[in-house]
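J.: Let me give you the structure first, and then I'll get to my questions.
Laboratory data are not the source of any read-out in this text; all were calculated from the coordinates shown. Predicted model, so just to flag it, every value in this text is computed and none were measured. In this analysis, Cβ positions are derived from the backbone assuming ideal geometry, glycine residues included, and neighbour counts consider all displayed protein chains.
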Amino acid sequence: MADQQMQIGEVAERTGLSLRTIRHYEEVGLLAPSARSKGGFRLYTETDIMRLMTIRRMKPLNFSLEEARELLDILDALQKTGTTGEDRQQLRGRLDTYRQVTDARCEALRARLEMAEHFAASLHQKPPTRD
C-alpha cells in the first residue's frame, strides 16, 4: 500500500512546524519531498512526517542540524537491506551513543524543570510580613 501524499500545508499542520522550517530542512538536506505534483507542489508521505518529527523532537535537546543529519543517516542506513552485519553493528554503536546523549540531556532538562517548578511554587507562597 503506497503512502498517502500530502502537500506541505498539511504536513506543517500535522507536525506543528512552519512552512518556512520545512522548506529550510529541505534546503539543508535533511528532508526531500517524496514527489512533486503535476503543478510542482511538494508532496510528502507518512515516512517524511516521521522524519520531520525526529528532527523536531531533537530540537529541545539542543541537537544541531548536523547531528540531526547524522542520526537520520544512521537510521536510514539501518533500514537498508544491503547493510552488512559489520556495518550494522557499527551503526548500532553510533545509535547507542545518540541514545546515551539523549538520556543525559533529558535528565538535565528534568533537573532544570524541577528548579523552575520550585521557583514558580515559591512565587505562589505568601511573602513574609515585616512588622
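J.: Run through segment 8-44 and list the chymotrypsin sites (Phe, Trp or Tyr not before Pro) located in a DSSP loop whose Cβ has at most 15 other Cβ atoms within 10 Å.
T.: Numbers: sites: Tyr25, Phe41, Tyr44; in loops: Phe41.
Qualifying residues, ordered by number: Phe41.
J.: Any chance you could get the radius of gyration and Dmax over the Cα atoms of segment 1-59, in Å?
T.: Expressed in Å, the Cα Rg and Dmax of segment 1-59 come to 10.7, 34.
J.: Just to be sure I follow the definition: excluding the sites themselves, where is the longest run in the chain that has none of the trypsin sites (Lys or Arg not before Pro) in a DSSP loop with at most 13 other Cβ atoms within 10 Å?
T.: Between exposed loop sites, the widest span is 81-129.
J.: Let me ask something else. Between the alpha-carbon centers of segment 79-104 and segment 29-46, tell me the distance in whole angstrom.
T.: One Cα centre to the other: 28 Å.
J.: If you take the C-alpha gyration tensor of segment 62-125, multiply each eigenvalue by 5 and take the square root, what semi-axes do you get, largest first, in whole Å?
T.: They are 38, 11, 7 Å, listed from largest to smallest.
J.: To continue, here is another question. From Cα coordinates alone, what are the radius of gyration and Dmax values for the chain in angstrom?
T.: 20.7, 78
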